[in-house]
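Below is one structure, written out as structure tokens; comments come after it.
The values are calculated or read from the model by the stated rules, or taken from the named source; none is laboratory data. Since the model is a prediction, treat every value here as computed from it, not as a measurement. Positions of Cβ are generated from backbone atoms using ideal geometry, with glycine treated the same way; all protein chains shown enter the neighbour counts. In case anyone asks, the SASA skips ligands and DNA or RNA and just uses the protein heavy atoms, side chains included. Shrake-Rupley method; radii C 1.70, N 1.55, O 1.52, S 1.80 Å.
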Amino acid sequence: MEDMIQMDRTMSTQQDIKIEAKGVQVYYADNHAIKDVDVNIADKTVTAFIGPSGCGKSTFLRCLNRMNDTIDICRVEGKILLDGEDIYDPKVDPVQLRAKVGMVFQKPNPFPKSIYDNVAYGPKIHGLARNKADLDEIVEQSLRKAALWNEVKDRLNAPGTGMSGGQQQRLCIARAIATAPEVLLMDEPCSALDPIATAQVEELIDELRQSFSVVIVTHSMQQAARVSQKTAFFHLGNLVEFDDTDKIFTNPQDPRTESYISGRIG
Amino acid sequence: MSTSLLTTDARTKKRNAAEARFKAYGLGAIIVAMFALVILLTSVLGNGLSSFKQTFIALEVELPEDKLDKSGVRDLAVMSKVTTIGYAPILRNALLATLAEQGIETELSNKEISNMISKEAAATVRNRVLGNPDLVGQTVRFDVLASGRIDGFFKGRVTMESAALDNNTSPEALEIAQALADAGIMQTKFNWNFFVWPDASDQRPEAAGIGVAILGSLYMMLVVLCLALPIGVASSIYLEEFAPKNRWTDIIEVNISNLAAVPSIVFGILGLAIFINFMEFNQSSPLVGGLVLTLMTLPTIIISTRAALKSVPPSIRDAALGVGASKMQSVFHHVLPLAAPGILTGTIIGLAQALGETAPLLLIGMVAFVREYPAAFTPESGLFGEASTALPVQVYNWTQRADPGFVERASGAIITLLVFLLIMNAVAIYLRRRFERRW
Ligand SMILES: Nc1ncnc2c1ncn2[C@@H]1O[C@H](COP(=O)(O)OP(=O)(O)OP(=O)(O)O)[C@@H](O)[C@H]1O
Ligand SMILES: [Mg+2]
């Protein structure tokens, strides 16, 4: 433990910290789902959350943009700082926060509207575009970044729900990046995708790293190893180990991490 | 030993037999339901279609100045002193003249001749004359209503045998009617006025119409739509999307479900107590009727709206919140459009229920005999303030009357009501199809 904190400090001097979580506890009614988690998410890096099913990865991810607020029985304690500001401060409007911290969900969930409207919705409600041309530009750029532009440029008015699962997921990514967030949270974004689409999304994540800080939850060790620079391993609500991805996969400190990545628990 | 797929084993046979039995039950149930529907429709249509037709007599009526305008200068004040009683002999004379012209012999008394013409006819002619005094002194052609008995004769309701026992008509009168019909002077034709005329008194079923009832029903539906839809939808959205889930909202939810099951007559008593006795709105006005029906329709709309909102997948709400939409934006931009078909269907079904509701309206006095069109939207009467009636109440009212002519009219009103309901349901289905979207 002492070691880890030491390491975090050295890390934080090297890179800007975007999100700093301190002593986070999450309860679903009486179920203690996240136990005292401290984590620092650096700017312009990809951080992967791995761990067995039910260990609280999604729960913790949802704390970072206060999506847990929508669950009545959910209670969050501790501090989460975005650029040094506590996002659970009563003065913070979660709507403003979510414009800064975008999210892509595990199951593709495009709006039952046209492809264009799906992507344009966020910029519209946040007033990011001054005129129609601006908006068109944002939509095109977002779709290009999501590696979807070439497939849909001729049918922007077709319904977003009429596309394949992989296309829908990339549409959701385009929708999330259209609002120009500073942090992008992705909850198993590739679980519905074929290997080709997965490769495209991974490439996209790598690109997004230039401009955002990306947090990705994944069940695939290979994916975590491929796309992330930092990896956090969760187990039964505890953050067991958080380190550079290389280190986690080549030289895990904790026996639980080792058995998980070698396939013995999970 | 493995069994062949080509022979069915005992278990499969049993399963298939159970399935076949279930299908038979289902089919049987549907057949019974259809049979009941067919019986209902044939009986209503058989009784009521004839109310859309009416027997008229084409008369050349001489309008003598000495009887109708004593002043001789078309002074309306003087002319209106002549009541319908003064017009009745003029019509009788016109009919007698027509009979003579056609060479139809008759020994009927003057009273019996008068009885062939509807009592409404004199009023019709009087109104025409007062509306256009220049007609006095001329001979004008009128299509006047035949009396209910004569009309019934052409519709098969009155026969020679029944006429022999009837004080209001006689077999001889029916023979004359037949002769007039043969000459083309008496005709049974489509009567648009059935939908326009107000109710008529007991002696003149032939002049009764559902105009006031339709108008009253429409006013009430307007009140219900304008109040129940916004209130119902707003409260459902609040309960479903914004309200915290705790004991209080649970209690409210249970109460709303209970309200939906409260017998409608209870809402009538409530309306009587609140709107008429306490707030002192006019009795039997469409406003009060509409308010009572609103109370009754609200739970239906709330329940169906909540069901529609619940059926919108939560992932859509997450998606909207995830891009930084506020709760309200997520509801109004995404959830509500998806729930709209369900909300509309529920609303229309609620309206249809309200349209056919009788009991609460009886309690607030809508059963009163209404001869005049209600003046709505006028400052004098107050908004929706004047007495009116409604379609189902009119049906009830007519079935209580002695003259069999009203039974036919009650069935006619039922057919009209059913057509309205059918149209509303068709609209509901159309809207559902039109706006239903996949997600
Ligand atoms: N909405 C909820 N209400 C109550 N309990 C919940 C809720 N969501 C999650 N939990 C509980 O919180 C714990 C962590 O769940 P979470 O969804 O974060 O796991 P996860 O690591 O994302 O799992 P997976 O890999 O299967 O997605 C679980 O024990 C789960 O039962
Ligand atoms: Mg999860």
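The table that follows gives values for the structure above.
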quantity	calculated
Residue count for region A:35-82, restricted to those that are more than 13 Å from ligand 2 (Cβ to nearest atom) and over 24 Å from A:THR245 (Cβ atoms)	12
Residue list for region A:112-137, filter: surrounded by fewer than 21 Cβ atoms within 10 Å (Cβ to Cβ) and within 21 Å of A:GLN200 (Cβ to Cβ)	A:TYR116
Given (1) modelled with pLDDT of 85 or more; (2) surrounded by 14 or more Cβ atoms within 10 Å (Cβ to Cβ); (3) farther than 29 Å from B:ALA410 by Cβ, number of the condition B:ARG141 does not satisfy	(2)
Pick from region A:61-72, criterion open to solvent by less than 10 Å² (accessible area, probe 1.4 Å) and within 9 Å of ligand 1 (Cβ to nearest atom), ranking: modelled with the highest pLDDT	A:LEU61
Output for region A:86-98, where each listed residue is within 14 Å of another protein chain (Cβ to nearest Cβ) and open to solvent by 20 Å² or more (accessible area, probe 1.4 Å)	A:VAL92, A:ASP93, A:PRO94, A:VAL95, A:GLN96
So A:ASP194, is it acidic (Asp, Glu), away from ligand 2 (no atom under 16 Å from the Cβ) and either buried (at least 22 other Cβ atoms within 10 Å of the Cβ) or at pLDDT 90 or above (or both)	no
Residues that are within 11 Å of chain A (Cβ to nearest Cβ) and among the polar types (S, T, N, Q), drawn from region B:316-346	B:SER326, B:GLN329, B:SER330
Exclusive hit being surrounded by 10 or more Cβ atoms within 10 Å (Cβ to Cβ), over 29 Å from the mean Cα position of the chain (by Cα) and not in a strand (DSSP E or B), set B:GLY26, B:GLY46	B:GLY26
Candidates A:GLN106, A:GLN141, filtered to the one that is surrounded by fewer than 23 Cβ atoms within 10 Å (Cβ to Cβ), within 16 Å of ligand 2 (Cβ to nearest atom) and not hydrophobic (A, V, I, L, M, F, W, C)	A:GLN106
Members of region A:38-53 that are within 16 Å of ligand 1 (Cβ to nearest atom), of a type in the set (A, V, I, L, M) and under 13 Å from the mean Cα position of the chain (by Cα)	A:ALA48, A:ILE50
Residue within region B:90-104 that is out of contact with any strand residue (DSSP E or B) (no Cβ under 6 Å at 6 or more places or on another chain) and outside any helix (DSSP H, G or I) present	yes
Matching residues, region A:244-257, being open to solvent by less than 10 Å² (accessible area, probe 1.4 Å) and away from ligand 1 (no atom under 16 Å from the Cβ)	A:THR245, A:ILE248
Search result, residues across region B:277-297 that are within 24 Å of the chain's Cα centre (by Cα) and either of a type in the set (A, V, I, L, M, F, W, C) or outside the structural domain of B:LEU363 (by TED's automatic domain parsing) (or both)	B:PHE281, B:LEU287, B:VAL288, B:LEU291, B:VAL292, B:LEU293, B:LEU295, B:MET296
Candidates B:ALA77, B:ALA121 - the one that is open to solvent by less than 50 Å² (accessible area, probe 1.4 Å), hydrophobic (A, V, I, L, M, F, W, C) and in a helix (DSSP H, G or I)	B:ALA121
Filter result for A:SER58 (within 14 Å of chain B (Cβ to nearest Cβ), at pLDDT 90 or above and closer than 26 Å to A:PRO252 by Cα)	yes
Helices (runs of 4 or more DSSP H) enclosed by region A:186-262 - at least 2 residues per element that are of a type in the set (Gly, Ala, Ser)	A:195-208, A:221-227
Any hit, region B:282-303, residues being open to solvent by less than 70 Å² (accessible area, probe 1.4 Å), under 30 Å from A:CYS74 (Cα atoms) and away from chain A (no Cβ under 14 Å)	yes
Check on B:GLU280, in contact with a strand residue (DSSP E or B) (Cβ under 8 Å, 6 or more places away or on another chain) and of a type outside the set (Ser, Thr, Tyr)	no
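Conditions (1) open to solvent by 20 Å² or more (accessible area, probe 1.4 Å); (2) away from ligand 2 (no atom under 16 Å from the Cβ); (3) within 11 Å of chain B (Cβ to nearest Cβ), marked per residue:
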{"residue": "A:ASN157", "(1), (2), (3)": "yes, yes, no"}
{"residue": "A:GLN169", "(1), (2), (3)": "no, no, no"}
{"residue": "A:ALA176", "(1), (2), (3)": "no, yes, yes"}
{"residue": "A:VAL183", "(1), (2), (3)": "no, yes, no"}
{"residue": "A:GLU188", "(1), (2), (3)": "yes, no, no"}
{"residue": "A:GLN200", "(1), (2), (3)": "yes, yes, no"}
{"residue": "A:GLU203", "(1), (2), (3)": "yes, yes, no"}
